[in-house]
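What follows is a set of notes on a single structure, which appears directly below.
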Amino acid sequence: MHSRHIIVAAIAATLGVASLQASAATQDPSEHAEAMATRHAAISPTRAVSIAEKGGGTAYGFGMESEHNGHWYEVDLLRHGQPTIVRIDPDNGHVLGSSAAHGEDAAGAHALDGGSLKLGAAIATAEREGKGPAMEATAMGSGAKAAVIVDIAVAHGIDHYRVSSQGGQMHVVKIARDPTE
């Protein structure tokens, strides 16, 4: 998952910034490919999370990955107490493989422990609000104070949302946009 989106979204959420725009000239070309792959995937991000969780574990992170040889979803799970990455084919939902998560892919593994917020529900909420598919989602915080930062692929950029659960209600706030033009 791309740490630039996580850092921009986390700073915006922490500062309570309503709108934060990054220069289009600095956008990573792979982000454009990931946005396009996300918009054209047959399997939705929430479905990919559900598929990954069926193998056991609780999701805490998600992202579309794109390289010259193709696209795939990566779902970060806490499985048997170990951060794990599960790769899902976005065209047919097949599990392509899994491996141990390390570094930034392991960050946030326990953020959703003890709270009512679930990654799949946070993604679905942000997708409805943003009217587009999720490219990336990352859990942060802890327990009842946990939140999920969700990046939504929209027509002219990437919108960042902060989703939390308070009193059993989902709350979503748009925190930033990275324009593509």
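The values are calculated or read from the model by the stated rules, or taken from the named source; none is laboratory data. This one's a predicted model, so the numbers in the text were calculated from it and none came from an experiment. Cβ: placed from backbone, ideal geometry, glycine included. Neighbour counts: every protein chain shown. Only protein heavy atoms, including side chains, enter the accessible area calculation; ligands, DNA and RNA are left aside. Shrake-Rupley method; radii C 1.70, N 1.55, O 1.52, S 1.80 Å.
Computed quantities for the displayed model
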| read-out | value |
| --- | --- |
| Virtual spin-label span in nm between Ala33 and His102, 7 Å along Cα→Cβ | 2.3 |
| Accessible carbon and sulfur surface of the stretch 29-181 relative to its total accessible area, %, 1.4 Å | 52 |
| Over the stretch 59-157, relative contact order from alpha-carbon pairs under 8 Å, at least 6 apart, % | 24 |
| For the stretch 50-57, Karplus couplings with θ = phi - 60° (6.51, -1.76, 1.60), whole Hz, Gly/Pro x | 4, 4, 5, 5, 4, x, x, x |
| Spatially proximal lysines relative to Lys54 (Cα-Cα < 20 Å; intrachain offsets below 8 disregarded) | Lys118 |
| Three-way shape call for the stretch 130-169 based on the alpha-carbon gyration tensor, with the a/c threshold at 1.5 | prolate |
| Spatial separation of Cα centroids for the stretch 77-91 and the stretch 137-154, in angstrom | 17 |
| Cut-off under 5 Å, modelled amide H: who pairs with Tyr60 long-range | Asp76, Leu77, Leu78 |
| Gyration tensor (alpha-carbon) shape descriptor, the stretch 60-156, a/c threshold 1.5 | oblate |
| Å² per residue, accessible surface of the stretch 66-181 at 1.4 Å | 46 |
| Candidate residues Ile51, Ile123: accessible-area rank, largest first, probe 1.4 Å | Ile51, Ile123 |
